[in-house]
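What follows is a single structure, written as C-alpha cells, with notes after it.
The values are calculated or read from the model by the stated rules, or taken from the named source; none is laboratory data. Just so we're clear, the structure is a prediction, and the values are computed from it rather than from any experiment. Here Cβ is always computed from backbone atoms with ideal geometry, including for glycine, and neighbour counts include all displayed protein chains.
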C-alpha cells in the first residue's frame, strides 16, 4: 500500500487564519488526513498524509491539493512525496490529538 506525504503552505496567510480551516476541510474531502496513521497523533502544521489510490502518481496527488487550494482563493507552496510502506516514514515527538 502506497501513501502520499504532503506539505501545503498557503501564501500571504497566517496558519491560524480561517482560510486554513477551509484548506483542511477541502483536503479531507479529497482523502488527506492530518493524523499520523490513526495513532491519535497529529502531524505538524500544514502537513498531510493520504493513502494513495491504486496507480495514482504523485502528480495526481498534487492535482488534488491544487484543487483544494483553489477553494481557498489563495496560492500555495506544495511538496508531495509518494512512499510505499508505513515503514518508509518515521516521526518523533508528535502531539496528541485533542479530544
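Of all residues in the range 32-41 being surrounded by fewer than 16 Cβ atoms within 10 Å (Cβ to Cβ) and farther than 16 Å from residue 85 by Cβ, which is modelled with the lowest pLDDT?
40
In the range 79-99, how many are surrounded by fewer than 16 Cβ atoms within 10 Å (Cβ to Cβ) and not in a loop (DSSP other than H, G, I, E, B)?
8
Within the range 13-31, can one find any residue that is loosely packed, with under 14 Cβ neighbours inside 10 Å, without any contact (Cβ under 8 Å) to a residue 60 or more places away in the chain, in contact with a helix residue (DSSP H, G or I) (Cβ under 8 Å, 6 or more places away or on another chain) and farther than 16 Å from residue 75 by Cα?
Yes, that holds for at least one residue.
Looking at (1) touching a strand residue (DSSP E or B) at 6+ places or on another chain (Cβ under 9 Å); (2) touching a residue at least 40 places away in the same chain (Cβ under 8 Å); (3) surrounded by 13 or more Cβ atoms within 10 Å (Cβ to Cβ), which is the one condition that is false for residue 67?
(1)
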